[in-house]
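K.L.:
Sharing a structure with you now.
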Amino acid sequence: MSPSPRLWLMRSAEVMAVALLLAGMVGAAATLVVGPGAGAIAASGLALCALIVLWFVRNRVRSWSYQERDEDLIVERGVLVRRLSVVPYGRMQFVDVTAGPVGRLFRLATVRLHTAAAASDARIPGLEREEAARLRDRLAALGEAKAAGL
């Protein structure tokens, strides 16, 4: 499964807000110091940078996926370097659901899986709040069942 399409909307809104703020500030400063032509060029350059960042963010959002299996959870991510994490249910210590202010605005949450080894912790961003709660409850139940069977 993949994160919600709203994750892309949230990330693109973040990039556009920062890009508009920077373009306005740099364009105004360049206009005051050099002239209106320089301000337009500076703002256009920042708009081009924002488009490149949006392309990268889109690919990064598309790269996240997870799969629930019988014995473990698989989490895949990465644009340039693909990363595959396999987390056995019996090794999970606790499952954490977080949502920052922007995430709450878009009704999204991130599920974090914590294990004894810090390097093996995995996270799944951009889940609908209901899906995050369902996944948290399922992973917690499976983790307890698998740990009790050890």
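K.L.:
Give, as ranges by residue number, the residues of region 1-39 whose backbone N falls under 15 Å from the point 7 Å along Cα→Cβ of GLU76.
P.N.:
Under 15 Å, as judged by backbone N against the label point of GLU76, lie 1-3 of region 1-39.
K.L.:
Taking neighbour Cβ counts within 10 Å as the exposure measure, how do ARG60, ARG134 sort from fewest upward?
P.N.:
Sorted ascending by nearby Cβ count, the order is ARG134, ARG60.
K.L.:
Given the options LEU32, ALA17, PRO125, identify the residue whose Cα lies farthest towards the positive end of the charge dipole of region 13-150 (+1 on Cβ of Lys, Arg; -1 on Cβ of Asp, Glu).
P.N.:
Going by the Cα projections, it comes out as LEU32.
K.L.:
List the residues, sorted by chain then number, that are 5 or more residues from LEU73 or on another chain and whose placed amide H is less than 5 Å from its amide H.
P.N.:
Hits under the 5 Å cutoff: VAL87, TYR89.
K.L.:
Counting helices only, and only those DSSP H runs with n ≥ 4, report the 222 nm mean residue ellipticity of the chain as the sum of -39,500 (n - 2.57) divided by its residues, in deg cm²/dmol to the nearest 500.
P.N.:
Estimated from H runs of four or more residues: -19000 deg cm²/dmol.
K.L.:
Also, quick follow-up: Using θ = phi - 60° and the Karplus curve 6.51 cos²θ - 1.76 cosθ + 1.60, what whole-Hz ³J(HN,Hα) does each residue of region 76-88 get, with Gly and Pro shown as x?
P.N.:
10, 6, x, 9, 7, 10, 6, 10, 10, 10, 10, 10, x
K.L.:
List the residues whose amide H sits under 5 Å from the amide H of ALA122, counting only those 5 or more places along or on another chain, with H placed 1.01 Å from N in the peptide plane.
P.N.:
Hits under the 5 Å cutoff: LEU113.
K.L.:
For a Förster distance of 30 Å, can you work out the FRET efficiency between the beta-carbons of ARG58 and ALA29, rounded to the nearest 0.05?
P.N.:
Given R0 = 30 Å and the Cβ-Cβ separation, E is 0.50.
K.L.:
Which whole-number percent is the relative contact order of the chain (Cα, under 8 Å, 6+ apart)?
P.N.:
Contact order relative to length: 22 percent.
K.L.:
So for PHE106, PHE56, fewest C-beta neighbours within 10 Å to most, what's the order?
P.N.:
PHE56, PHE106
K.L.:
Moving to a separate point now. So which DSSP H runs in the chain come out at 30 Å plus along the axis (Cα) with average Kyte-Doolittle of at least 1.0? Mind showing how you got there, number by number?
P.N.:
Values: long enough: 5-33 (42 Å, 1.40); 36-63 (41 Å, 1.09).
Membrane-span-like by this rule: 5-33, 36-63.
Coordinate-derived values only; no laboratory data. Worth saying up front: this structure is predicted, and the values here are computed from it rather than measured. Note that we place each Cβ from the backbone using ideal geometry, even for glycine, and neighbour counts take in every protein chain shown.
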